[in-house]
Every structure is written in structure tokens, then in C-alpha cells.
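Report on one structure; see the data block that follows.
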Amino acid sequence: MGAIAIRNVVKRYGRGPSALQVIHGVSAEIADGEFIVIVGPSGCGKSTLLRMVAGLEEISDGEISVGGRVVNDVEPADRDIAMVFQNYALYPHMSVYQNMAYGLKIAKVPKAEIEARVQKAAKILELSPLLQRTPRQLSGGQRQRVAMGRAIVRQPQAFLFDEPLSNLDAKLRAQTRLEIRKLHQELGVTSLFVTHDQVEAMTLGQRLIVMNAGRIEQIGTPEDVYGRPATTFVAGFIGSPPMNLLAGQADGSRFTVGGVTLQLPSAAPRAGALTLGVRPEHAAIHRDGGWPLRVDMLEMLGAERLLYGHLGDAAFVLRIDGTLVPPKAGETINLHLPREHLHWYDSGTGQRVA
Amino acid sequence: MVERRPTLGILAHVVLLLGVLIIAFPVYVAFVASTHTVADVIKAPMPMLPGAHFVDNYLGALEGGGMGTGSKAAVGRMMVVSLISALVIAIGKIAISLLSAFAIVYFRFPFRMLCFWAIFVTLMLPVEVRIGPTYKVVSDLNMLNTYAGLTVPLIASATATFLFRQFFLTVPDELLEAARMDGAGPMRFFKDILLPLSATSIAALFVIQFIYGWNQYLWPLLVTTDESMYPVVIGIKRMIAGGETQTDWNLVMATAILAMIPPALVVMLMQKWFVKGLVDTEK
């Protein structure tokens, strides 16, 4: 039904050799009813990709299908999808009711049916008392809900969200995030959600598509993306503070980084230039640990404490329990690295080796 | 102004009152003149208080007539001609400008920018510059002494097109995209979204253009030779006889007062909208 397939999609602006290509052949399969989050830094092409699915941007190459039908040349309104915009794009002169009913009115849905659908959506979103107001008389969170209501009443095969939470304040954002999830559980409609916020991505997505510079870096569940980042980009993008990435030379179970040679708990997958990734919470302070870390600075965050230090010349961040007695700045502590938490990347390509 | 300084306040009011007097006095004189007989008006000094012939003079002016040697056409008819011309000019200008601005902002077509600049450049050319050729065209099309001749050449408006273009550019793209997702075609978007959003601009423009149309002088002077097609502004001029002959000044003044009423009414009734259209940025 509402499955979306993206196959080798390319976006370029302009023609000929001077054309600017911003999306370089992207492919992804989204199952019916799935909640997918496309996440990446600004300018990575995530919004452009979403807009191509919506039909607001032309597809330069490749194809996109919705519900098994190729929609490359189908008008946005005929793709059977609905979109929630970042600034909500509510019609300012129409009431909440008219805003939600407009698409149905154009589609010549009978009046009684429009009324029923709008009332139902308003009830789900708790907008019933606000139906006669204009968008100007609503708060940011209410406007956001109207924008979602406008999408719901159309009963589409898929919802597209273009950073819908970025105009809300932090508290409301967390609350709306939960509401969107609840809504998805209730309606079970395929959803494609674009954000640059990794917390939103991790909490909302059943699977994430991590994008960078017009390419997909990794597609996977939040656990996959966090636990086994496919590239150094993903390792550095997901997680706060991000994974420590130590570029050095491996030789058997010895690893030279920042001018010091360290003993690995297990042999490196291969010899030569490799990047070792370690999550800040996965290294531990241990009397017998073989990795001397010089502590430069500490940050107390409440439940946990961040230690900023150096292994030789290489910067390293360590996260420890806030209740532990911390070392002092200037001290050198020994770290222990469990072998199951080492991530190896090719230093040249950034691709995962093991 | 948070400060309260009585002397400054008094000074400001004195200046304002003087300004009002300077502007209002001629109007008052015209009104006084329109309530006396011709003999009283031309007597020196002219009376400074309203006379008893208000009804006679205004009815006389509206129906036409008088004893002077100037035009004796009925002012009632002139008012109708003026009203129709001003309305056609104002509404026509708004309609044409809305559509051309819509085309320029929302459609990609060859020479789009050329079209825009062609419209924009005509802003710099006053009607008087092209009055010769325009007259030739209108007379060749047999439009002299017709409403079409009075209005069509004045309808095209670079100013209004430019104003609407600027307004349309401030409408967020997402509204267009949302409308596209909702299945609204271009004209539907224009009718359902752009027009209601432009309502205040349209009102402001209507006020300006109505007055512009009502006050047209040079162009109607050229294209109307028949008394039944005189707008009231021309009518006033034609009522004044040249040289030493007698002019019905009381009727001329009554006509002038009558000619002032419709634009004043439009401004007063639409003032709220007019101001809103000029200052409002709410989207």
C-alpha cells in the first residue's frame, strides 16, 4: 500500500557541464507503515530528497514510487501523500476548519464527509474548540497541530514531515515528538520525517537514513546506527558527545596514535592506516588499563561527567558516572577499552572495516 | 511622545490649526459662493457667510442651465460619466495589474524578466509623453466620446503591477507548495489564496486609483467633444466662459463642491482599509 521506493535518485540544478549536482544517486526502500527519519547536517540534501518525494522538486534522474506506482511525472496533489511544512504554511485568511478542509474541497469530497473527517482529525489532535479560529490566533504548538490535521484529513498513503518541530521551543518539541509517535501508532501511515536533530531522529525513527553531502551514509535502526556506525561521518554525527575517532597506524595488536603506541585488547583487523572509534561511555577508568589519558578539563552534567583529555596528541572524551570521584585536571589516568566496543574504519575512505 | 510640555503642545496645535485653515479656507469660500446668486458672488467684497440659494444653485447645476455663456450641460450627467470612468479605471487597473503580477511572479516563461522590465520602464513615462500617439490610436479606433476611449488608455498601470509583484514576493513559497499539495491549480491558488491575502492592498489601490480616475483632466479634455461625455472635472472648465463674458460662478462652485464629494467619500469610507493596506505586513 503505502510503501515508498527511492531508486538511484539524482538531483541537479541547471543543465550541461555547469550543472550543480546536490544528490548523487540515492536509493532507499520504505515499507508500508514504517516511520523513517532522514537525518543529516544542513545542506546534505535531506529536504531536497523529501521535496522530490512530495513532487515539489523535479527528479533529475532515477525514480520514486509511492504505493507501487512510479510518481516521477505525477502532480503533488495526485501522489496521495500529505506534507507538514517547517513553518506550517497555514492559509492565514482561513479558519482552522477551512485550512483542514481546503484540500478535500478541491478534491470535491462531499460536504458531510469533509465535516466528518475534519471533526475526527480535530478530535485526535485536540483542536475541536479551535476550529473557528484563524492561524493568527493560535500558538506555535497549535499551528503545528493544525498543519498535521491538514495532512491527516486527506487520509494519504504517506506523511512527509519537513523539520516540523524546529519552530517550537524545547519543551513543546519534546511533547510534540511524543504526540507524533502516538499518532503514528494510531494511524499506522508510512511517514518520512526530515530533521537535523539527532535526538528527534533517534527517538522517532523506526529506521534512520543518515545523509551527508548528497549521499546516504547509512540506513538502519537507531540501535544499528548508534551501535555500528557504517562510516566515520555517522560515528561523528550521531551521539553527543560524538564517538572518539583516533586516526593512527595499526600493526597487529599495537596501535600508534598521537605519538604514542598503545596496546590493543585484540588485534586490529589489518595493518596500516586505520581510524579507531570508541564511544565516550565505552572506555572506563581502570588501574590496569593500558591507555594513559591526560585529563585537561571536566564537565559536570548531573547524571554524568565528561572528561576531556589527550592520548599523546590525540584528543579523547570520556563519559563517566556523575557519582564517581573524578580525577583532577592535569592528572593522568589509565583507560581500559573493552574489545567488543572498538570500531575500525579505513582512514582514507572512512568506511567501516570491522 | 512621553514628554508633556504644555508650550510645545500649544505650538503644535497652532501650527496644525493654521494648516487646516489654509487648506479648508478655499473649500469654504467655494461652498459660500455656491449658496449665493451670481450677482452676490461677483460683488466685492464677496460675502463670507452662506447665503440662501443653496438648493436653487445645486439643483440648477445638477440639471444644467444658467444665464452665463459657458457650457450649460447637466452636472448630474457629468457625475455619472465621472463615476463610471473612475470605477472602470480603478477596477480595470486592479484586475490587469493583479493578473500581470501573478504571471510575472509565479510563472516561468521566456522573456519573463524582459516583460517585467518593460512594464517597469513605463513607470518612468508619464501619460503626457505618449499622449499624441495614444490619441491617434484611440481616434483611429473610433473611441472618441466613448467610455472605452475615456478609460482603456488609462488602465494599464506599471505602478499597480509593481506593487502587487512586491506583495506576491513576500507571500511565503510554502503557501504555494501547500496549495499544490492540496491540489489547487494556478487559478485556484490565485482566487482562493492570493486574492484574499491581497485584499488590503487592493483596497488601498482602489482608493488611489479611483481618485486618479476621477481627477483625470488632460486626457478627457482630448477625447471628449460631446457634452454628454464630459466628466465633471472637464465640465467645470467648460462652464467657465472666457474673456469678459459672464460666468455663473455660483453654479461653477456648486459643481466644484459636488465634484469633491465622491473622492472624499471613497477616502472616508475606505480609510481603515487604505491605511491597513499601506502599513500592514501581517501574512
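Rule-based calculations on the coordinates, nothing more; no lab input. Values in this document were obtained by computation on a predicted structure and should not be read as measured data. Because the Cβ atoms are built from the backbone with ideal geometry, glycine has one as well, and the counts that use them run over all protein chains shown.
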| task | Would you grab the residues whose amide H sits under 5 Å from the one on A:Glu281? Only those 5+ places off in sequence or on another chain, please, with H modelled 1.01 Å from N. | result | A:Arg319
| Going by the alpha-carbon gyration tensor, a ≥ b ≥ c the square roots of its eigenvalues, is the stretch B:95-150 rounded (a/c under 1.5) or, if a/c is not under 1.5, prolate (a/b greater than b/c) versus oblate? | prolate
| query | Could you work out Rg/(2.2 N^0.38 Å) for the stretch A:10-90, with Rg from alpha carbons only? | reply | 1.14
| Distance in nm between pseudo-label sites at B:Leu169 and B:Lys136 (7 Å out along the Cβ direction from Cα) | 3.6
| query | Spin-label point model (7 Å from Cα, Cβ direction): what's the B:Ala199 to A:Ala116 distance in nm? | reply | 3.2
| message | Using a 10 Å cut-off around each Cβ of peptide A:92-104, what is the average number of partner chain Cβ atoms that fall inside? | response | 3
| note | Here the stretch A:17-33 yields Karplus 3J(HN,Hα) values (6.51, -1.76, 1.60; θ = phi - 60°; whole Hz; Gly and Pro given as x) of x, 8, 4, 9, 9, 10, 10, 10, x, 10, 10, 7, 10, 10, 6, 4, x
| field | Antiparallel DSSP beta bridges within the protein assembly as shown, percent to nearest 5 | value | 75
| query | Per residue, how much space in cubic angstrom lies within the convex hull of the C-alpha atoms of the stretch B:82-180? | reply | 129
| remark: Taking a crude spin-label model, label points 7 Å out from Cα along the C-beta direction, the A:Lys182 to A:Arg339 distance in nm is 4.8
| query | Once the Cα atoms of helix A:96-106 and of chain A are each reduced to a long axis, what angle between those two axes, in degrees from 0 to 90 to the nearest 10, is obtained? | reply | 70
| request: Determine Rg/Rh for the stretch A:286-328; Rg is computed over alpha-carbon atoms and Rh is the Kirkwood hydrodynamic estimate from the same atoms. | output: 0.97
| Arranged by the count of other C-beta atoms within 10 angstrom, fewest first, what order do A:Tyr88, B:Tyr230 take? | A:Tyr88, B:Tyr230
| Cα gyration tensor shape for the stretch A:4-235, rounded if a/c is under 1.5, else prolate or oblate | prolate
| note | D (µm²/s, integer) via Stokes-Einstein for chain B, Kirkwood Rh across alpha-carbon pairs, 20 °C, 1.002 mPa s: value 97
| task | Could you size up the charge dipole of the stretch A:130-243 around its Cα centre, putting +1 on the beta carbon of Lys and Arg and -1 on that of Asp and Glu, and report it in debye to the nearest 20? | result | 520
| field | Calculated FRET efficiency for the pair B:His13/A:Arg15, C-beta based, R₀ 60 Å, to 0.05 | value | 0.35
| For the stretch B:171-246, which GluC sites (Glu not before Pro) are both in a DSSP coil and crowded by at most 14 other Cβ atoms within 10 Å? | B:Glu244
| message | Can you tell me which of A:Met148, A:Met300, A:Met94 moves the most in a GNM of chain A? Springs connect C-alpha atoms under 10 Å apart. | response | A:Met300
| task | Any chance you could run the full-extension gain for B:Leu49 through B:Phe25? It's 0.36 nm times the residue separation minus the Cα-Cα distance, nm to one decimal. | result | 7.4 nm
| Cross-link reach list, lysines versus B:Lys276, counting only Cα pairs under 30 Å and skipping chain neighbours closer than eight places | B:Lys93, B:Lys191
| message | Taking the 0 to 90 degree range and rounding to the nearest ten, how far is the long axis of helix A:170-187 tilted relative to the main principal axis of chain A, both from C-alpha atoms? | response | 60
| said: Past the 17 angstrom mark, what percentage of all C-alpha to C-alpha distances in the stretch A:1-140 do you count? | reply: 68
| said: Tell me the relative contact order for chain A as a rounded percent, counting alpha carbon contacts under 8 Å between residues six or more apart. | reply: 15
| For B:Val129 and A:Ser128, what is the calculated FRET efficiency with R₀ set at 41 Å and r taken between the beta-carbons, to the nearest 0.05? | 0.10
| query | Under the definition of partner shielding as Cβ atoms of other protein chains within 10 Å of a residue Cβ, what is the mean value for peptide A:80-91? | reply | 4
| For the protein assembly as shown, with only Lys/Arg (+1) and Asp/Glu (-1) charged at the beta-carbon, what is the dipole magnitude about the Cα centre, in debye rounded to 20? | 340
| query | What FRET efficiency comes out for the pair A:Asp251/A:Met297, r = Cβ-Cβ distance, R0 = 35 Å, nearest 0.05? | reply | 0.65
| task | Could you order peptides B:7-18, B:81-92, A:283-294 by the average number of other Cβ atoms within 10 Å of their residues, highest first? | result | B:81-92, A:283-294, B:7-18
| request: With a/c under 1.5 counting as rounded, go ahead and sort the stretch B:154-283 into rounded, prolate or oblate using the C-alpha gyration tensor (a ≥ b ≥ c being the square roots of the eigenvalues; past the cut-off, prolate if a/b is larger than b/c, else oblate). | output: prolate
| query | Exposure proxy check: B:Cys115, A:Cys44 ranked by fewest other beta carbons within 10 Å? | reply | B:Cys115, A:Cys44
| note | Here the longest stretch of chain B that holds no chymotrypsin sites (Phe, Trp or Tyr not before Pro) in a DSSP loop having at most 15 other beta carbon atoms within 10 Å is B:1-106
| said: Less than 13 Å Cβ to Cβ from B:Leu98, Lys/Arg counted +1 and Asp/Glu -1: what total charge do the surrounding residues give? | reply: +3
| request: Among A:Thr232, A:Thr256, A:Thr323, determine the one that fluctuates most according to a GNM of chain A built with springs between C-alpha atoms less than 10 Å apart. | output: A:Thr323
| query | Which helices of chain B meet both criteria: a Cα extent of 24 Å or more along the helical axis and a mean Kyte-Doolittle score no lower than 0.0, with helices taken as whole DSSP H segments? | reply | B:6-33, B:75-106, B:195-214, B:249-279
| note | Most exposed first, judged by fewest Cβ atoms within 10 angstrom, A:Thr195, B:Thr170, A:Thr134 run B:Thr170, A:Thr134, A:Thr195
| If one puts a single equal scatterer on every Cα of the protein assembly as shown and applies the Debye formula without solvent, what log₁₀ I(q)/I(0) results at q = 0.06, 0.10, 0.12 Å⁻¹? | -0.58, -1.02, -1.21
| 0 to 90° range, to nearest 10: angle between helix A:140-152 axis and chain A longest Cα axis | 70
| said: Over chain B, what is the relative contact order in percent, taking alpha-carbon pairs closer than 8 angstrom and at least six residues apart? | reply: 32
| said: Under 8 Å for C-alpha pairs, at least 6 residues apart: give me the relative contact order for the stretch A:242-346, rounded to a whole percent. | reply: 31
| field | When the convex hull of its Cα atoms is projected in every direction, mean area for the stretch B:8-157 (nm²) | value | 16.4
| remark: All alpha-carbon distances of the stretch A:242-346, grouped into 5 Å bins from 0, give the whole-percent distribution 3, 13, 24, 28, 17, 9, 5, 1, 0
